[in-house]
Amino acid sequence: MATSGPSEARTFRPAFRTGERFSRDAKDRPLIVFESVHKSYATGMRVLRGVDLSIGRGEFIFVTGPSGAGKSTMLRTIYGAEGIDEGRITFLGRDVGTVTKQAMPYLRRNVGIVFQDFKLVPTWTIFENIAIALEVAGYAARIIRSRVADALERVGLVGRGDERITVLSGGEKQRVAIARAIVNDPALVLADEPTGNLDPQLAVDILGLFEDMHRAGTTVLFATHDRSLLEVSPHRTLVLDDGRIHDIGAGAVIRASHPIEVPVR
């Protein structure tokens with residue numbers, strides 16, 4: 001465990017060594033802005049075609065669309081894991097494309113990511129898999145213990161930190177992955193098909209955990225191809241189709257057995 005680090009305080013973490021800081025204080029500024037963003041794969045397939053998009057602080061947004069439409073790629077552009085060809089993406093007021101390699105880890109501390117395949121270390125304990133997010137940020141051991149315990153409570157795994165990942169069910173593994181994503185109190189949580197490997201009831205249960213973090217003030221982008229979840233929990237929904245984003249708002253009736261209707265281009 002790390003033996004030194006910042007003091008315990010539920011405030012936003014330092015962003016850049018240069019003295020610049022990301023801030024949650026600018027209430028009127030969107031958290032994420034896409035401006036005329038274009039992105040293509042190396043094969044030439046266009047994933048994003050001139051996308052303009054604004055995401056406010058504290059929103060819960062579903063991102064859906066056909067398989068292979070580029071939902072994961074879109075999420076990855078927000079924290080700089082994928083570059084873009086044209087346009088600009090700003091996160092917390094900072095142009096992601098101008099963030100240096102040295103500064104990028106500071107930006108990413110403000111983002112929690114949950115994947116479909118969990119991305120946990122199977123030989124580690126639950127505690128170790130969650131604590132790593134704080135260890136790499138240099139937190140003191142006592143702070144790590146406190147924050148991991150809090151995260152375990154939030155995902156319904158109180159007192160299970162010493163268990164090995166290999167003994168957990170799929171739903172339990174996803175709860176650990178969510179705890180890891182929220183342990184650093186990020187401004188934004190990106191969920192990339194987090195229920196794709198779970199049965200329907202477990203999927204609803206996991207969705208409930210994202211609802212809880214949303215109610216606590218965290219911005220959530222939830223990418224999914226499971227349209228039934230959009231019925232369970234109506235929120236603003238973005239449909240990614242043929243490289244374009246169609247914002248169909250909140251509360252739209254989208255039946256799992258019917259196609260999503262988007263505006264004619």
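Quick note: the coordinates plus some simple rules give every number you see, no bench work behind them. Being a predicted model, the structure only gives us computed values, none of them experimental. Methodologically, a virtual Cβ is constructed for each residue, glycine included, from the backbone with ideal geometry; neighbour enumeration extends over all protein chains shown.
Some points to look at:
- Given K39/K71; K71/K173; K39/K119, the pairs whose alpha carbons are separated by over 21 Å: K71/K173; K39/K119
- Cross-link reach list, aspartates and glutamates versus K101, counting only Cα pairs under 17 Å and skipping chain neighbours closer than eight places: E20, E82
- Charged neighbours of V121, selected by a Cβ distance under 12 Å, balance to +3 (K, R count +1; D, E count -1).
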